[in-house]
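Worksheet: the structure to be examined is printed underneath.
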Amino acid sequence: MSETVNIRELALLALLEMQEEGRQSHRVIRSVLDKYQYLPKQDRAFFSRLCQGTLEYRPQLDYILNQYSSVKTTKMKPVIREILRMAVYQLYHMDQVPESAAVNEAVKLAVKKGFRSLKGFVNGVLRTVIREKKTLKFPGEEQPLLYLEVCGCMPEYLAKKWMDAYGFETAVKICSAFLEEKPITVRLRDHGDPLKRKTILEELKDSGIAVQAAPYMEQAVILKHVNSLAYLPAFYEGRLQVQDVSSMLAVECAGITPGQTILDLCAAPGGKSIAAADAAGEAGRVIARDLTEYKTELIRQNLHRCGIGNVTVEAKDAAVMDPGLEGRMDVVLADVPCSGYGVIGRKPDIKYRASRENQQELVQLQRAILKNAAACVRPGGVLLFSTCTIAAEENEENVRFIREELDLMPESLDPWLPEELRGTTTAEGYLQLLPDVHAGDGFFIARFRKRTV
């Protein structure tokens, strides 16, 4: 660890910011890493894993603590609770950390944060956890819901929801997939030129990055052993774009051709806009919109890095109809705000905000946006609807809404999908990608065409 910066203290402050202030985990972690760019790679990696892992495994960590603590986690002081969670995560999931270090540093941190009177409590609980580690029994599959909560680290609401929707075995796969390390997937902007592709791949490998082909999309590759993309020439020169294969598939299924005019709603950070602009070519035009200046600035930064000039960026509310675009767009990409259940592996705080009430509010917003999106499609044009969730209320039920209430015709996705993804639902115009069952994030894609008469 760094001699000048206490990495565990940084992690504690970050976790408290997420827990007490409700800030998104990926933004908090990125903010700290940006602030402490000078930290060695090892310290940065330790910080990221400790934050991410403690957050991901929270239900399991609380289960363990509640077996041995006289004060249950729900009654603990927030600082002490997070210190204990971090320590138990190290004890159970970070084999390279000595047990004594995990305990001693937790006690020191409690004292440093003003809880000297509780150092005996922290030490006692953690010493008991170590002593009982090999004998502690976790719930078995005969208790399926509790098993998903504790071993799958999923709050009860989502555990039950997915078990009811997909069955226990698939629910286990989904929960397990979220706990796996998520690689960086990028789209190579080689514009179909084999020489450019070869050059990019060779540059990446020369930088010590392991490269492997990603599934489904020829231009998609997975990168490993990446310290910082920002310092790679292929990235800052705009020859590659971070984007999951599921997101790439959504743009692919829109069937964009050169010269078309595309509207990308809820477009930040701009991955789909860039892919759409590449497909539409210099003769085409993309209008990329999102709600706030913060989000549109993210799009502009990516466009500038990639040297793209055929995209107009605008801060607009997609839930408010723009009469100036009515019936004018060849393609509308509507990747609407959603519960985000498909990307819990990248943003674990999502699972702790999940509720039926939140989802109902989202569905109303989604339908307002979809109504406006459909109105912007020209007769004969295409609406591509997508989400990064695995909830039927936000996906299949919105397909029904678009078909019945907005009077658009579903179209088969099969012409744009690899054979292994084709099936009954893709012929009917939609595809649900599930974590672990499919490669990539959990994602939903549906294609519709507007009637000409």
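The values are calculated or read from the model by the stated rules, or taken from the named source; none is laboratory data. From a predicted model like this one, the values you see are computed outputs, not experimental measurements. Every residue, glycine as well, gets a Cβ built from its backbone with ideal geometry; the counts of neighbours run over all protein chains shown. The area values use the complete protein model at the heavy-atom level, side chains included, leaving out ligands, DNA and RNA. Shrake-Rupley method; radii C 1.70, N 1.55, O 1.52, S 1.80 Å.
Among the residues of the range 372-380, is any closer than 26 Å to ILE174 by Cβ and not acidic (Asp, Glu)? Among the residues of the range 372-380, not one is closer than 26 Å to ILE174 by Cβ and not acidic (Asp, Glu), which makes the answer no.
Among residues belonging to the range 35-48 that are assigned to a helix (DSSP H, G or I) and under 23 Å from GLN19 (Cβ atoms), point out the one that is most open to solvent (accessible area, probe 1.4 Å). Only one residue tops the list, namely LYS35.
One residue alone among GLY284, GLY324, GLY342 is open to solvent by 30 Å² or more (accessible area, probe 1.4 Å) and at pLDDT 95 or above, and that residue is GLY324. Taking the listed residues LYS119, LYS113, the one that is open to solvent by 30 Å² or more (accessible area, probe 1.4 Å), touching a helix residue (DSSP H, G or I) at 6+ places or on another chain (Cβ under 8 Å), at pLDDT 95 or above and under 24 Å from TYR36 (Cβ atoms) is LYS113, with no other qualifying. Annotation: of all residues in the range 150-180 being more than 20 Å from the chain's Cα centre (by Cα) and touching a residue at least 12 places away in the same chain (Cβ under 8 Å), the one that is surrounded by the most Cβ atoms within 10 Å (Cβ to Cβ) is MET163.
Residue count for the range 250-262, restricted to those that are within 23 Å of the chain's Cα centre (by Cα) and either farther than 19 Å from VAL332 by Cα or crowded, with 24+ Cβ neighbours inside 10 Å (or both): 4. At least 3 residues being under 24 Å from the mean Cα position of the chain (by Cα), within 20 Å of LEU263 (Cα to Cα) and polar (S, T, N, Q) is the threshold, and among the strands (runs of 3 or more DSSP E) wholly inside the range 353-453 not one reaches it. For the subset of the range 181-200 comprising residues that are open to solvent by 40 Å² or more (accessible area, probe 1.4 Å) and basic (Lys, Arg), which member is nearest to GLU394 (Cα to Cα)? Only one residue tops the list, namely LYS182. Given VAL32, VAL28, which one is touching an Asp or Glu at 6+ places or on another chain (Cβ under 8 Å), buried (at least 16 other Cβ atoms within 10 Å of the Cβ) and without any contact (Cβ under 8 Å) to a residue 40 or more places away in the chain? Of VAL32, VAL28, the one residue that is touching an Asp or Glu at 6+ places or on another chain (Cβ under 8 Å), buried (at least 16 other Cβ atoms within 10 Å of the Cβ) and without any contact (Cβ under 8 Å) to a residue 40 or more places away in the chain is VAL28.
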